[in-house]
Amino acid sequence: MKKKALATKMAAFVMAGAMTMAMGFPALAKDRTPSTVPVWKTVSVEADEANVYAPKTTFNFKLDVPSTPTNLEFNGKTYYVKTADISHITFVDSNGTATATGEIAFDPATDEFTKSKTGLGIEVDFGGIYTEKGAGIYQYTVKEVEPATKYKGMEYDDSTYNIYVFVYEDETPDAIVVEKDGKILGDTESNTKFEKVEFVNDYTVHTLTITKTVTGNQGEMNRGFDFTFTVTGDETGEKFRWVVYDKDGEAVTTNNGYGEVGTVTTVPLKSGESVKIYGLSSGDHYTVKEADYTKNDGYTTKVDNEVVAENKKEGTITADTTVAYENNRGITTPTGIVTEYAPYILLVAAAGAFAVLFLRRKKEEF
């Protein structure tokens, strides 16, 4: 009886952790309502998270039954776990419709900067378990399935969640205990519910920065020079955000925007301004080009301190990357006239000064 009482206390804190309207596990032995454990997917981005769109990809999950169940250890006690049947547990979508596989999809067209979402649950059929297997504790597992072709920059979560289902003979409410990496989720002392089964994936992205500098005594500091840039990658439908910053590093909000992989984006930059393109994956290819300001405007353009054909720079993203553009226009002031007549000017000036002194002395003598 002590073991049963302790197991009941362990399970009680999760009774409110379901996604159903009942928000718990109120079913008794003669009226067992299925309950749903919410599944979440979180994509973790270290830098500039607010500027990185959700990845264009789908995450998949798998339910399983261990061939040899793991007994539940708690407070020095061991609770015997029986072999379960996979037919009594399934994935359901946000509409409550059973699905063959668990999937959570991200789409930058609708999710934009969302990095965490649900819409998937694990439904447990207490009635089916009781009818076919009887009372007891049953173990199920849920894991993320790593795809054969990984999404660029994505590290997949290899955690295993153990779902222990408690089914009782008497009118004690059936319940669920969730364990991850040997730790029971929630607080069994205060009966705090577990909130979700959450898989967290680290997502590494990079930033491409284009800077603009104008130099020379005839350089136009307040003129906007037109740039075009294109990003190409393997993932159709990917989006990236670009932001223009002024010389003080403040965002120029009127020029913020987004682009899709494979499209050409045009943006003007003044001297001291820059544009940052966020959320690029390793392997993405970029092309940057400034309009020609040499023929009609007299500028010399350098890209990363070199004169290049068509003012164009291409490369493959492997890390944060900066492409620096400099436009120079300067004219040397003609000095021949000044030096040619300088001696005569000095003679005239000296003569004037002598005349002033001579006239003053004459006036004083009178």
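Taken together, the values in this text are just the output of simple stated rules run on the coordinates, not laboratory data. Everything quoted here is computed from the prediction, not taken from an experiment. Positions of Cβ are backbone-derived with ideal geometry, glycine not excepted, and every protein chain shown enters the neighbour counts.
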Practice prompt. For Glu238, enumerate residues with amide H under 5 Å from its amide H, sequence gap 5+ or separate chain, H modeled in the peptide plane.
Written response: Val261
Item to complete: In whole angstrom, note down how far apart the Cα centers of the range 117-162 and the range 30-98 are.
Response: 4
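What's the magnitude of the charge dipole for the range 181-253 around its Cα centre, counting Lys and Arg as +1 and Asp and Glu as -1 at the beta-carbon? Answer in Debye, nearest 20.
280
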Practice prompt. Measure off 7 Å from each Cα along the Cα-to-Cβ vector at Ala50 and Val307, then give the distance between these two points in nanometres to one decimal.
Written response: 4.3
Worksheet entry | Value in Å of the Kirkwood radius, where the range 141-191 supplies the Cα pairs that are averaged | 13.8
Practice prompt. Hey, can you grab everything whose amide H is under 5 Å from the amide H of Tyr299? Only 5+ residues off in sequence or another chain; H modelled, so Pro and N-termini drop out.
Written response: Thr294
Worksheet item: Under unit Cβ charges (Lys, Arg +1; Asp, Glu -1), what dipole magnitude, rounded to 20 debye, does the range 31-158 have relative to its Cα centre?
Response: 320
Practice prompt. Could you work out the per residue convex hull volume over the alpha carbons of the range 138-289, in cubic angstrom?
Written response: 191
Item to complete: Calculate the dipole size of the range 233-334 relative to its Cα centre from +1 charges on Lys and Arg beta carbons and -1 charges on Asp and Glu beta carbons; express the result in debye to the nearest 20.
Response: 320
Worksheet item: How would you classify the range 63-218 from its alpha-carbon gyration tensor, with a ≥ b ≥ c the square roots of the eigenvalues: rounded for a/c under 1.5, else prolate if a/b is greater than b/c, otherwise oblate?
Response: prolate
Worksheet item: If you average the sequence gap of Cα pairs under 8 Å that are 6 or more apart and divide by the length of the range 275-329, what percent do you get for the contact order?
Response: 43
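Pop the C-beta distance of Lys117 and Gln218 into the FRET formula with R0 = 51 Å and round what comes out to the nearest 0.05.
Calculated transfer efficiency: 0.40.
How much length is gained on full extension from Val264 to Thr333, taking 0.36 nm per residue of separation minus their Cα-Cα distance?
Numbers: separation 69, 0.36 × 69 = 24.84 nm, distance 4.12 nm.
That works out to 20.7 nm of additional length.
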Worksheet, complete the sentence: Length-normalised contact order of the range 223-310, Cα under 8 Å, at least 6 apart, in percent, tallies to 37
Fill in: Relative contact order, percent, the range 93-188 [alpha-carbon distance under 8 Å, six or more residues apart]
20
Worksheet item: Which pairs break 28 Å Cα to Cα here: Lys212/Lys239; Lys117/Lys289; Lys62/Lys276; Lys150/Lys312?
Response: Lys117/Lys289; Lys62/Lys276; Lys150/Lys312
Fill in: Extension gain, Thr253 back to Lys77 (0.36 nm per residue minus Cα-Cα distance, nm)
57.3 nm
